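The values are calculated or read from the model by the stated rules, or taken from the named source; none is laboratory data. The shown structure was predicted, so the numbers you read here are calculated from the model rather than taken from an experiment. Methodologically, a virtual Cβ is constructed for each residue, glycine included, from the backbone with ideal geometry; neighbour enumeration extends over all protein chains shown.
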Amino acid sequence: MDQSFGNDFKELVRSSTNIVDLVSEVVALKPLHGGRDFVGLCPFHDDKNPSFHVYPDRQSYRCWVCDAGGDCFRWVIEIERVPFPEALESLARRARLEVPKHARSGGSHENISRKTDSLVVVEWAVNLMNQTLRTGPTADNARQYVLKRKLSDETVNHFKLGYHPEDWNWFLEKARGKFTPAQLVSAGLIQERNNGPGYFDNLVGRLVFPIFDERGRPVAFGGRVLPGGNIESDAKYWNSVESAIFQKRRMLFAFDRAREAIRKSKTAIIVEGYMDCIACHQAGIMNAVATLGTAMTEEHVRFLRRFAEKVVLVYDSDDAGQQAAERSISRFLAQDLDLRVLNVPSGKDPADYLEAHTSQEFYKLIEGAAEAWEYKLQSVLRRTDSGSVAGRQQILNHMLDFLAESQGLSGTVREDIILRNVCWRVQVDERTARQQLNELRSKKKKGGIFRRDSDRISAEFAPRPENAIERAEREMLEIILTCPETIDLIQHHIGADDFENVRHRRLLALCIDLWKEDGDLPELSRLIIAAESDSDLLSLINAVVDTAEEKGIFRLMTDQPNRDEQPETSVPDHLERVLGPILERREKRLNLVSKQILSQSAKPLSELDDDIKDALRRLYNFRQSQMGHPSSMK
């Protein structure tokens, strides 16, 4: 972990961060056990059932399937793909803490400063363009367009809509003395000229839609050319290029405002454009979001699945809208959610529809949206004569090709249900259709293998079976984390070298180091700090605490018959049972070392091999530690 910030500041940031609130920005969480534990769909693998747990008291998280784990710093590192210093600065700003100035200096933090600067620059530009739209003398045309689209002042301010005047150096002039051209370029506000020195502004003469990330930070812009203006462009809309703070393939417009409504309704409505999304929100349809000039991606669907059980894709009812819908749905058919498709009637887009209809009428359309496979079937039926044998065969071929393209669907219950419905509607034998589908898949695979998501996850994340010794090591860690005061006794009997499992060895070493070097008991809060955001260690710590609670380790350690008569140096019965296999294995190893020493006894010490020398040293240290700490252990 980066040491330039100082441990005190790191722990101030950690203690000022509510990890449940932080994770909830990306994962919909449900409380368990009275709020001691929160659960949701894991963002680190294709989770079908909630397996991702967040522990407020431990200020950490863990997935019980893929074993991803960490604290608030690790979360930001993994989700935002940033190094630790940047994660710490991000969390500090979130907690309204001032980052120590000495920690900002040095070339190692150049990337952090650049990203931080970009966020500051984008926020400055948002406020500048919003003020210009509301009061600027050059924004009359933009204000007329806003009125024409029936957007209220409240909506304009809520979404921070803005306007960039028809001036190719406006940003450069306004930023003079505040930001450098390089900072404006990094934030996506200006570009270098291709045909000579200098720069030119993006977004010129456009109504501007700021794009916010899931944490509500402005990170990019979309801009629409205004009718009646002097700016000509082949592209009606312009979106910011991707940058360190903006990845459009995984972001959704207005998600920061729609998150809570999506979580409560379990439904996400996805429209195609900024104006459609804003019109939905203005009408009270708060669970609407929009893609950012791209088609729906699997990243979008996986992200939304953490919050919603149903996703409704809303497209215009013209030919282009219907074709876009058909292109989208085959990739998501196998996803574990209720995917629906809606074409707004009368050739209108959602914004136009809501000008003439109420939100209740729009919600009725949403409720009646067809399932994705049904939408595809209806589209094929409209284009094909179902009254003839050749027509029915053509319809079946289209649907089988549609199912074959959906990777991950093969062999699932969902596929069985869809295929059965299709065969009934087309009046063909299901067994014949299934055989044809299997043959089609074989051709498409071209030697590759499709596996169901559940099979892939099971193979990838299935835990390796533990042997008896590893179980004993795990139970020893459960004892230490449940009764940290036992570490003084335990470290006189075993050390990290006595553990076989590498992960177990690391955690035991951390516990012993805390006690021997710092004089601190390996209590949970201290271990989490000492782990320094190491994902593997934090995941193991959470896993050990979970299993310790399930087994009732505290009760096993304190349930000692005739406890009052036991001397203080005695070893609890349960600890003695767990230590037994570990000590027995070490004795076998020491006996083996003894035999090797005897076989080489004629040799001087300098000629003994390194393994024997190392074993002798460990044997000597062990015997010394036992003599220094007598106990009732046999």
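Name the pairs whose Cβ atoms lie under 8 Å apart, with the first residue in the stretch 182-195 and farther than 12 Å from Leu119 by Cα, the second exposed (fewer than 13 other Cβ atoms within 10 Å of the Cβ) and of a type outside the set (A, V, I, L, M, F, W, C), and 6 or more positions between them or separate chains?
Between residues of the stretch 182-195 that are farther than 12 Å from Leu119 by Cα and residues that are exposed (fewer than 13 other Cβ atoms within 10 Å of the Cβ) and of a type outside the set (A, V, I, L, M, F, W, C), the close pairs are Val185/Glu192; Glu192/Gly198.
Across the stretch 271-309, what is the total count of residues that are under 20 Å from the mean Cα position of the chain (by Cα) and farther than 24 Å from Val225 by Cβ? I'd like the intermediate steps shown before the answer.
The initial filter retains those residues of the stretch 271-309 that are under 20 Å from the mean Cα position of the chain (by Cα), namely 289-292, 296-309.
Now narrow it down to the ones that are farther than 24 Å from Val225 by Cβ: 296-309.
Total meeting the criteria: 14.
Out of (1) closer than 19 Å to Cys277 by Cβ; (2) over 34 Å from the mean Cα position of the chain (by Cα); (3) among the β-branched types (Val, Ile, Thr), the odd one out for Ile366 is which?
It is condition (2) that Ile366 fails.
Being out of contact with any Leu (no Cβ under 6 Å at 6 or more places or on another chain), crowded, with 20+ Cβ neighbours inside 10 Å and under 28 Å from Cys63 (Cβ atoms): is that true of Ile541 here? Outline the logic, then answer.
Details: out of contact with any Leu (no Cβ under 6 Å at 6 or more places or on another chain): no; crowded, with 20+ Cβ neighbours inside 10 Å: yes; under 28 Å from Cys63 (Cβ atoms): yes.
Spelling it out, it is not the case that Ile541 is out of contact with any Leu (no Cβ under 6 Å at 6 or more places or on another chain), crowded, with 20+ Cβ neighbours inside 10 Å and under 28 Å from Cys63 (Cβ atoms).
For residues that are aliphatic (A, V, I, L, M), over 17 Å from Val380 (Cα atoms) and part of a helix (DSSP H, G or I), scanning just the stretch 395-432, find the one that is modelled with the lowest pLDDT. If you could, list the steps in order and put the result at the bottom.
First pass over the stretch 395-432, keeping only residues aliphatic (A, V, I, L, M): 395-396, 399-400, 403-404, 409, 413, 417-419, 422, 426, 428.
Right, trim to over 17 Å from Val380 (Cα atoms) and you get 409, 413, 417.
Retained after the next criterion (residues that are part of a helix (DSSP H, G or I)): 413, 417.
Values: Val413: 86, Ile417: 91.
Restricting to residues being aliphatic (A, V, I, L, M), over 17 Å from Val380 (Cα atoms) and part of a helix (DSSP H, G or I), the top hit is Val413.
Is it the case, given these coordinates, that Ile528 is assigned to a helix (DSSP H, G or I), more than 21 Å from Asn467 (Cβ to Cβ) and touching a residue at least 40 places away in the same chain (Cβ under 8 Å)? Can you show your working first?
Details: assigned to a helix (DSSP H, G or I): yes; more than 21 Å from Asn467 (Cβ to Cβ): yes; touching a residue at least 40 places away in the same chain (Cβ under 8 Å): yes.
In short, yes.
Quick test for you: out of Val219, Val146, pick the one residue that is at pLDDT 90 or above, of a type in the set (A, V, I, L, M) and assigned to a helix (DSSP H, G or I). Step through it out loud before you land on a result.
Details: Val219 fails: assigned to a helix (DSSP H, G or I).
The match here is Val146.
Kindly check whether there is at least one residue in the stretch 31-47 that is in contact with a Ser or Thr (Cβ under 7 Å, 6 or more places away or on another chain), at pLDDT 80 or above and assigned by TED's automatic domain parsing to the domain that holds Ile79. Talk me through it step by step, then tell me what you get.
As a first pass, look at the stretch 31-47 and keep what is in contact with a Ser or Thr (Cβ under 7 Å, 6 or more places away or on another chain): 42.
Then drop every residue that is not at pLDDT 80 or above, which leaves 42.
Applying the additional criterion that residues be assigned by TED's automatic domain parsing to the domain that holds Ile79 yields 42.
Yes; the residues of the stretch 31-47 include at least one that is in contact with a Ser or Thr (Cβ under 7 Å, 6 or more places away or on another chain), at pLDDT 80 or above and assigned by TED's automatic domain parsing to the domain that holds Ile79.
Can you pull out the residues in the stretch 468-480 that are among the aliphatic types (A, V, I, L, M) and buried (at least 22 other Cβ atoms within 10 Å of the Cβ)?
Going residue by residue through the stretch 468-480, those that are among the aliphatic types (A, V, I, L, M) are 468-469, 472, 476-477, 479-480.
Residues satisfying the conditions are Ala472, Met476, Leu477, Ile479, Ile480.
Helices (runs of 4 or more DSSP H) wholly in the stretch 1-102 with at least 2 residues that are over 18 Å from the mean Cα position of the chain (by Cα) - which ones? Give the derivation first.
On the way: elements: 7-15, 19-24, 72-80, 84-94.
Once the helices (runs of 4 or more DSSP H) in the stretch 1-102 are filtered for at least 2 residues that are over 18 Å from the mean Cα position of the chain (by Cα), what remains is 7-15, 84-94.
Considering every residue within the stretch 361-368, establish whether at least one is at pLDDT 90 or above and acidic (Asp, Glu). If you could, list the steps in order and put the result at the bottom.
Taking the stretch 361-368 as the starting set, the residues that turn out to be at pLDDT 90 or above are 361-368.
From what's left, acidic (Asp, Glu): 361, 367.
Looking for residues that are at pLDDT 90 or above and acidic (Asp, Glu), one finds at least one in the stretch 361-368, hence yes.
Of all the residues that make up the stretch 374-388, how many are of a type outside the set (Asp, Glu), modelled with pLDDT under 85 and either surrounded by 16 or more Cβ atoms within 10 Å (Cβ to Cβ) or touching a helix residue (DSSP H, G or I) at 6+ places or on another chain (Cβ under 8 Å) (or both)?
Adding up the residues that qualify gives 1.
Would you mind telling me which numbered condition in (1) crowded, with 22+ Cβ neighbours inside 10 Å; (2) in contact with an Asp or Glu (Cβ under 8 Å, 6 or more places away or on another chain); (3) at pLDDT 90 or above; (4) of a type in the set (A, V, I, L, M) Val204 fails?
(1)
Tell me yes or no: at least one residue of the stretch 82-90 is in contact with a Cys (Cβ under 9 Å, 6 or more places away or on another chain) and at pLDDT below 90.
Within the stretch 82-90 (the criterion being in contact with a Cys (Cβ under 9 Å, 6 or more places away or on another chain) and at pLDDT below 90), the answer is yes, since at least one residue qualifies.
Given (1) surrounded by 22 or more Cβ atoms within 10 Å (Cβ to Cβ); (2) under 28 Å from Glu355 (Cα atoms); (3) modelled with pLDDT of 85 or more, identify the lone condition not met by Tyr315.
If we test Tyr315 against (1) surrounded by 22 or more Cβ atoms within 10 Å (Cβ to Cβ); (2) under 28 Å from Glu355 (Cα atoms); (3) modelled with pLDDT of 85 or more, just (3) comes out false.
Of everything in the stretch 132-174, what is over 30 Å from His357 (Cβ atoms) and without any contact (Cβ under 8 Å) to a residue 12 or more places away in the chain? Give them in sequence order. Full working, then the answer.
If we filter the stretch 132-174 for residues that are over 30 Å from His357 (Cβ atoms), which is where we start, we get 132, 135-140, 164-174.
Answer for the stretch 132-174, where residues must be over 30 Å from His357 (Cβ atoms) and without any contact (Cβ under 8 Å) to a residue 12 or more places away in the chain: Thr135, Pro137, Asp140, Glu173.
So which of Gly188, Gly216, Gly222, Gly196 ends up being more than 29 Å from Val76 (Cα to Cα) and not assigned by TED's automatic domain parsing to the domain that holds Val341? Write out each step before concluding.
Numbers: Gly188 fails: more than 29 Å from Val76 (Cα to Cα); Gly216 fails: more than 29 Å from Val76 (Cα to Cα); Gly222 fails: more than 29 Å from Val76 (Cα to Cα).
Gly196 is the lone residue from the list that is more than 29 Å from Val76 (Cα to Cα) and not assigned by TED's automatic domain parsing to the domain that holds Val341.
Could you look through the stretch 222-278, keep only residues that are of a type in the set (Gly, Ala, Ser) and in a loop (DSSP other than H, G, I, E, B), and pick out the one that is modelled with the highest pLDDT?
Step one: of the stretch 222-278, the residues of a type in the set (Gly, Ala, Ser) are 222-223, 228-229, 233, 235, 240, 243-244, 254, 258, 261, 265, 268, 273.
Next, from what is left, pick out any that are in a loop (DSSP other than H, G, I, E, B): 228-229, 233, 235, 240, 244, 254, 273.
Numbers: Gly228: 86, Gly229: 85, Ser233: 80, Ala235: 80, Ser240: 89, Ala244: 74, Ala254: 96, Gly273: 88.
It comes out as Ala254.
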